[in-house]
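S.K.: Please see the structure below; I have some questions.
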């Protein structure tokens with residue numbers, strides 16, 4: 001059976017639809033290519049890439065964990081807090097480490113042949129630099145990104161254990177405290193205390209700033225009156 005004759009009308013329809021879709025976009029001519037090159041150089045940096053990945057993760061993964069239908073509410077809540085803590089800690093530390101590695105690499109990869117020796121510590125040999133300049137005029141951008149990425153990955157082997165894990169745990173505990181505080185203050189008791197629906201314990205709800213300041217002024221006023229009498 002020849003399927004080409006059957007699919008041929010659909011292919012024509014698809015081609016026509018594609019051409020019409022492309023015509024919907026206006027034509028544009030880039031008169032300032034240096035702006036595009038600058039944007040490309042910025043987006044290719046390892047710290048910017050890590051920030052983009054972190055922003056994408058924080059917008060999707062917590063929602064997936066929170067609305068997971070296969071687990072109970074408490075497990076979903078804990079998983080969401082853990083995910084947020086891991087993303088925030090990993091993105092923050094990753095961006096800082098990669099940024100330091102990038103600017104450190106930039107300081108040690110000067111393309112100026114008359115620069116000091118330490119400014120060219122991470123540069124290849126002069127003959128290879130001349131070859132790259134002739135073949136790839138913008139090779140230094142990719143070279144710096146590659147070197148800083150390698151150094152950053154090596155540094156992350158230590159920072160993941162020394163910084164990421166403690167920071168993730170701290171953020172997770174803070175998020176869990178916020179969630180629990182929100183749940184525990186939903187049903188106030190008549191005597192001014194709330195009951196925790198999870199374990200039945202009672203506690204006094206936390207006062208806000210306005211109530212705290214009002215109570216402080218009331219105590220001060222009462223103490224002054226007592227001193228006068």
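S.K.: What is region 43-175's relative contact order, in percent, from Cα pairs under 8 angstrom and six or more apart in sequence?
M.R.: Working: 121 pairs, mean separation 46.6, N = 133.
Normalised by residue count, the contact order of region 43-175 is 35 percent.
S.K.: Rounded to two decimal places and with Rh computed the Kirkwood way over Cα pairs, what is Rg over Rh for region 43-175? Walk me through the numbers on the way to the answer.
M.R.: Numbers: Rg = 20.0 Å, Rh = 17.1 Å.
Ratio of gyration radius to Kirkwood radius for region 43-175: 1.17.
The numbers here are math on the coordinates, done by the rules we state, and not lab data. Since the model is a prediction, treat every value here as computed from it, not as a measurement.
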